[in-house]
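Working notes for the structure below.
The numbers here are math on the coordinates, done by the rules we state, and not lab data. A quick note: this is a predicted structure, and the numbers were derived from the prediction, not measured. Cβ sites come from the backbone with ideal geometry, for glycine too, and all protein chains shown count toward neighbours.
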Amino acid sequence: MTITTELGAKSLASWLWRQLTSMRTALILLLLLGFAAIPGSIFPQRSQNPLKVSDYFKSNPGTAKFLDQLQMFDVYSSPWFSSIYILLFISLIGCVLPRTFEHLKAARAKPTLTPKNLSRMEFHSENNFGSLDVAEAWFKKNRFRYRRDANSISAEKGYSRETGNLVFHLSLILILVGVGVGSLYGMKGDAIINVGERFINIPTSYDVISFGKLQSEKTLNPFSVTATDFKATYELKTGAPSDYKLTVNIADPVGSKEISKVVRVNSPLTFGSTKVYLQANGYSPLVTVRNKTGEIKYQGAVIFLPQDGNLTSIGAIKVPDMQPQVGFIGSFVPTFARNSERGAFSSYPEVLDPRLLISIWTGDLGLDSGNPQSIYRLDTSAMERIGLKTLKLKESYNFGEGSITFEGWTPWVNLQIVKDPGKIYALLGSIFAILGLLLSLFTRSRRIWVKESASESGLEIAGLAKNSAPGLENEIAALVNEMRKTLR
Amino acid sequence: MTSTDYAYLSNYAIYSAMVLFTVAFLAHAVEVAFSVRNLEEKTQFDFSRTKRSGDIGTVMMVLAFIFLFAAVILRGISAHRVPWGNMYEFSITGALAFTGAYIFALWKYKIRWLGLPVAIAVLLTLGTAITLLYRPSAPLVPALKSTWLAIHVSAAIISGGVFLLANCIAATYLILDRYETKGGRPVWALKLPALEVLDQLTYRLVAFVFPLWTFAVIAGAIWAEAAWGRYWGWDPKETWAFITWVAYAAYLHARVTIGWRGRKAAWLCLFAGSTFLFNYVYVNVWGTGRHTYSGL
């Protein structure tokens, strides 16, 4: 404590600043950042897979609670991870900015004076031929920067090594700016639509939507996307998908003339800085539910979620308008197969021989309870099962309270809509980072000095290569050779 | 010829390459073993006696490289795409990149002494690939259908091959360093270059390949933006690619800026290389995330 008071707050601050911007600290922070990233690849992350996180909580409640306190499920947005990279970037800025100014100054200044004792340098030689004029011409031809003094020349080349180095590090800052802009002003959401339906880009059209901290809901682009056709192609032997092709009509803004477009997994739609991606697909069985008197109480396509590669899909059909209320837990199999082990399942992802398997429940659907409900799940806590049935296409089943008909199916697609105004900075930063890196790692920085010997009428030549880069020996030999020519 | 015929041809080329690597391995083993002479009760090394054997090793290595190259090309023809769709294909291409890096370094830096460990490493890689990782040649899932596959994966594989070579040299450094501090090199290591040369060579390889690895990560990010709607998402593969990048960046800084040489630098290099290997093996086989496709 006494030391700090003696030094005073100001010098303490400058001491801390020197420590933070020292290369050793930067290196430790860099390695620390690498280690800090590891837990995020071990534990499930809320930002990627919230379901897995809740599974983890169910299977290891005690450990999960402890890990959650350490933010192990939100590693990359946690204060401890952020503080490492923020410190690293402060250290980087503190290191790079002064060096940038120095470099700019050095670029305009002349090379340093020729050292007194050249014999300490690399590849030192003394020759009794040549002259400073020849050396100067050679330096000029080989585009060295040099200063000529009365009896010596100091030349250097490879300034772009430091230029590249600085460009690389400044580009990293630009990438961080891009990431920051993206997370503050970005938007990301998902919407599942059946083929035939139209998606209008307003917040209520989304199943899930999240905005950056400084992005308000008003700034969504007012476009619309109508899914007109979806074709999935599969390998016959393995059932592995080989192509997904979604045909859409787009209007930007909504209501303007529609244009037909094709969306594939690797080719999203673009509306300014907003992109629309095809992320997943599945089937919605079309059903009609009637009451005892034959009145239609529900009709439409119900989105079912795929459970395996062959698109065995499950979902829930809720009919609140019947007395008592009726619900169905359904399973849609596009190509029906059955064995003793798995029961009914799908053996191929395309619809070849579809079935709709349902269990029928009556009672209270719980829609008025105020608790948010999943549209894919039936809350059976206040319900009673009254039947089970496997329906073929166009088949109806009378379950006493009414009937259900399996009318057909339609594919659905999951559109992911992302707005990231920061990514252009990240991209530019990346490009400059690579260019800077190449420049800095493949440029040799070196100096060569030529000096008239004090004792004899000869010339001393020597050089110094930064980071002992190879090639300087040959270069000096070339210069000596050039001078030797003057002998003839 | 049908796709299957091409796939079979590719497999035969792999087997042939493995035979050639085995011959190369034996030739290099003979080169080392039979150059030992006992002169006046002192063990000495005389490589002039076994120069021919070493030459055979080099020729076999080049031939094996050609066969491996053919195998990778044929695999691509059979699948009607770039041959980088699963771990088997990554491994054979990685072995090709590794052998290529060795042959290049051989021509440039005279490192024939590395022939023996290189042959062992390649045989292990190819052996694992053809027995454990083999998958029939098949088309790609939609997510992989992109020009970026060729760009991103080739850059990553070549980087991996060079990282592995740098690791071999760094490991050699550490072993020899240990012998030297204990009193001297064993007979078989007398021909190997000085420690400083190994240190410098490791650095050269890393400095050469670090921009390529940076490019591989960035190309992956650009592709992820097109396919998944975000350029960076801390997917396990991305996370470990980042860790590898950070580790090699630390190595370069430690060496260039702080001036680490020798032992410390070699350990850091080994650590960085092991993060790459971990990413390749662990994340592909046991990991979750979006880089796991169609079984391996």
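The charge dipole of chain A, taken about its Cα centre with unit charges on the Cβ atoms of Lys, Arg (+1), Asp and Glu (-1) only, comes to about 1600 debye. Relative contact order of chain A, taken over Cα pairs closer than 8 Å and 6 or more residues apart, is 19 percent. Residue by residue, segment B:152-168 carries 3J(HN,Hα) couplings of 5, 6, 5, 4, 5, 5, 4, 4, x, x, 6, 4, 4, 5, 4, 5, 4 Hz when phi is fed to the Karplus relation 6.51 cos²θ - 1.76 cosθ + 1.60 (θ = phi - 60°); x denotes Gly or Pro.
When the chain is fully extended, how far beyond the present Cα-Cα distance does A:S125 get from A:I93, taking 0.36 nm per residue of separation?
Values: separation 32, 0.36 × 32 = 11.52 nm, distance 4.21 nm.
Separation in residues times 0.36 nm, less the Cα-Cα distance, equals 7.3 nm.
Per residue of B:268-275, other chain Cβ atoms within 10 Å of the residue Cβ number 1 on average.
When a footprinting reagent is the concern and you count Cβ atoms within 10 Å, what order do B:C269, B:C168, A:C95 take, fewest first? Each step should come with its number before you reach the end.
Numbers: B:C269 29, B:C168 22, A:C95 18.
Going from sparsest to densest Cβ surroundings: A:C95, B:C168, B:C269.
Of A:K65/A:K419; A:K237/A:K275; A:K261/A:K423; A:K297/A:K389; A:K231/B:K237, which sit over 26 Å apart, Cα to Cα? In this structure, A:K65/A:K419; A:K237/A:K275; A:K231/B:K237 exceed 26 Å between Cα atoms.
Computed 3J(HN,Hα) for segment A:74-84, one whole-Hz value per residue from the Karplus formula 6.51 cos²θ - 1.76 cosθ + 1.60 where θ = phi - 60°, is 9, 3, 7, 10, 6, x, 6, 5, 4, 5, 5, glycine and proline marked x.
About the Cα centre, and with charges only on the beta carbon of Lys, Arg (+1) and Asp, Glu (-1), how big is the dipole of segment A:369-463? Nearest 20 debye, please. Before the final figure, lay out the partial values.
Numbers: 11 positive and 9 negative charges, 26 e Å.
Charge dipole, segment A:369-463, about its Cα centre: 120 debye, nearest 20.
Extending 7 Å from Cα along the Cβ direction at A:Q299 and again at B:R135 yields two label points whose distance is 4.6 nm.
Placing pseudo-labels 7 Å out from each Cα toward the beta carbon at A:A109 and A:K140 gives an inter-label distance of 2.6 nm. In this label model, A:L367 and A:S260 are separated by 3.8 nm, measuring between points 7 Å along each Cα→Cβ vector. Please find the FRET efficiency linking B:K108 to A:N481, where r is the Cβ-Cβ separation and R0 is fixed at 25 Å, and quote it to the nearest 0.05. So, using R0 = 25 Å, E works out to roughly 0.55.
Axis of helix B:262-278 versus longest Cα principal axis of chain B: the two differ by about 30°, to the nearest ten degrees.
Each residue of segment A:332-339 was assigned a 3J(HN,Hα) from its phi angle through the Karplus expression (A = 6.51, B = -1.76, C = 1.60, θ = phi - 60°), giving 9, 10, x, 10, 6, 8, 8, 9 Hz with x at Gly and Pro.
Per-residue Cβ neighbour counts within 10 Å put B:V285, A:V208, A:V302 in the sequence A:V208, B:V285, A:V302, beginning with the fewest. Amide H contacts for A:G402 (H built 1.01 Å from N in the peptide plane; partners 5 or more residues away or on another chain; cut-off under 5 Å): none found. When both segment B:212-244 and segment A:328-362 are represented by their alpha-carbon centers, they are found 38 Å apart. Inter-chain Cβ neighbour count for B:239-249, averaged per residue, equals 4 (cutoff 10 Å, partner chain atoms only). Using R0 = 30 Å, the C-beta based FRET efficiency linking A:S54 and A:R198 works out to 0.35.
Can you give the charge dipole size of chain B about its Cα centre, rounded to the nearest 20 debye, using +1 on the beta carbon of Lys and Arg and -1 on the beta carbon of Asp and Glu?
Working: 24 positive and 14 negative charges, 69 e Å.
Dipole magnitude for chain B comes out near 340 debye.
Taking amide H positions as modeled 1.01 Å from N, with prolines and chain starts lacking one, the residues under 5 Å from A:K297 and 5 or more places away or on another chain are A:V289, A:R290, A:N291. Distance distribution note for segment B:140-296: the fraction of Cα pairs above 24 angstrom is 40%. Sorted ascending by nearby beta carbons within 10 Å, beginning with the fewest, B:D235, A:D68, A:D321 become A:D321, A:D68, B:D235. Since only B:A95, B:A33, B:G76 are under comparison, the one whose Cα sits farthest along the positive direction of the charge dipole of chain B, derived from C-beta charges on Lys, Arg, Asp and Glu, is B:A33.
Amide H contacts of A:F129 (H built 1.01 Å from N, in plane; Pro and chain starts excluded): A:L459 sit under 5 Å, all sequence-distant by 5 or more or on other chains.
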